[in-house]
Amino acid sequence: MEEGRFTDCIDMRKLNGYVAKRLDSPSLLSCGQQCQRNTWCTSTNFKFSFKGKEEGTCELNKHDMSTVNETNNFSDDQQTTFSLLLKRTFHYDDDLWSNKKTFNLEGGKTGLDSNETKLPTYWNTPFTRICLGMKIGEEDSFIAIDKPASSLYSLIADGKYRATSLGRNSWKRLIGSRASLQRNCNKEGFNVVCTRASHSKARIGYIGNQESNCGSCDSRIGFGTGGNPDDSNTCGNQARHNPDNSKRHITAMGYISV
């Protein structure tokens, strides 16, 4: 797997107050790899030691997923150059959606927290209902989808679109009063994508567009998300271009259970 698929780099930004571990690193890439090896790590700060050199100081951050949103506490550092790497586990394009490999089994024993996990139940458990939850800060919300299937894998892994009919207001309940979506397209379900693959998409979720089609959707609420307007947001709410409740960049910790 390519390292670049799992992280996004934001230059001249540092996330303050969440450093769990600090170490010397030979490069920015190596710092990102350290984060990948630790399931609790959600992002890194990297400070280059000298201009033109690859080595530097690597800070591994541990924080709730809602920390990185429109009211974040990123700060510029005027004396040194920092780069913030955001972990992108369970991005729409991540192989975890299409394979039968577990991820961080221990994380499945700790309950509704910020430990990311993928359990064998993804491919070996039949169900009639799926429970979806999002945690933003200290608030969590849940909705349910009645959808009989042999497994969640059978609904997602092949990439085919499968519709649901919860309605936009049900999806917006996952986010709360700040939820925002564009008014058109209104496509929901599994493997939800718009015509232009670079725009909003979700493995499970809802997408909207300001135009009267699903060509270039710029809003979404869902799980395993990606695409414009912010490809790094893999779970939560993203919206711009005339959404119904202002522009939004809200990241969440997602829970999917059957």
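The values are calculated or read from the model by the stated rules, or taken from the named source; none is laboratory data. A quick note: this is a predicted structure, and the numbers were derived from the prediction, not measured. Here the Cβ positions follow ideal geometry from the backbone for every residue, glycine too, while neighbour counts run over all protein chains shown.
Quick look at the values:
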{"item": "Filter pass, residue 128 being at negative phi, surrounded by 15 or more Cβ atoms within 10 Å (Cβ to Cβ) and among the polar types (S, T, N, Q)", "result": "no"}
{"item": "Test: residue 119 is more than 20 Å from residue 236 (Cβ to Cβ), modelled with pLDDT of 85 or more, under 19 Å from the mean Cα position of the chain (by Cα) and surrounded by 14 or more Cβ atoms within 10 Å (Cβ to Cβ)", "result": "yes"}
{"item": "Residues of segment 212-258 satisfying the condition of being charged (D, E, K, R) and over 11 Å from the mean Cα position of the chain (by Cα)", "result": "218, 220, 240, 244, 247, 248"}
{"item": "Test: residue in segment 150-158 that is modelled with pLDDT under 90, under 18 Å from the mean Cα position of the chain (by Cα) and not in a loop (DSSP other than H, G, I, E, B)", "result": "no"}
{"item": "Matching residues in segment 181-203 - criterion: being over 14 Å from residue 233 (Cα atoms) and in contact with a helix residue (DSSP H, G or I) (Cβ under 8 Å, 6 or more places away or on another chain)", "result": "181, 186, 188, 190, 191"}
{"item": "Some residue of segment 131-141 being in the same structural domain as residue 191 (by the TED database), surrounded by 15 or more Cβ atoms within 10 Å (Cβ to Cβ) and more than 18 Å from the chain's Cα centre (by Cα)", "result": "no"}
{"item": "Tally, over segment 112-166, of residues that are small (Gly, Ala, Ser), over 19 Å from residue 193 (Cα atoms) and in contact (Cβ under 8 Å) with a residue 24 or more places away in the chain", "result": "6"}
{"item": "In segment 12-47, residue farthest from residue 232 (Cα to Cα) [restricted to those that are of a type in the set (Gly, Ala, Ser) and crowded, with 16+ Cβ neighbours inside 10 Å]", "result": "25"}
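Results for (1) buried (at least 20 other Cβ atoms within 10 Å of the Cβ); (2) among the small types (Gly, Ala, Ser); (3) closer than 20 Å to residue 229 by Cα; (4) in contact with a helix residue (DSSP H, G or I) (Cβ under 8 Å, 6 or more places away or on another chain), shown as yes or no for each residue.
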{"position": "150", "(1), (2), (3), (4)": "no, yes, no, no"}
{"position": "161", "(1), (2), (3), (4)": "no, no, no, no"}
{"position": "171", "(1), (2), (3), (4)": "yes, no, yes, no"}
{"position": "176", "(1), (2), (3), (4)": "no, yes, no, no"}
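Conditions (1) modelled with pLDDT of 70 or more; (2) of a type in the set (S, T, N, Q); (3) in contact with a Pro (Cβ under 9 Å, 6 or more places away or on another chain), marked per residue:
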site	(1), (2), (3)
30	yes, yes, no
55	yes, no, yes
60	yes, no, no
64	no, no, no
83	no, yes, no
86	no, no, no
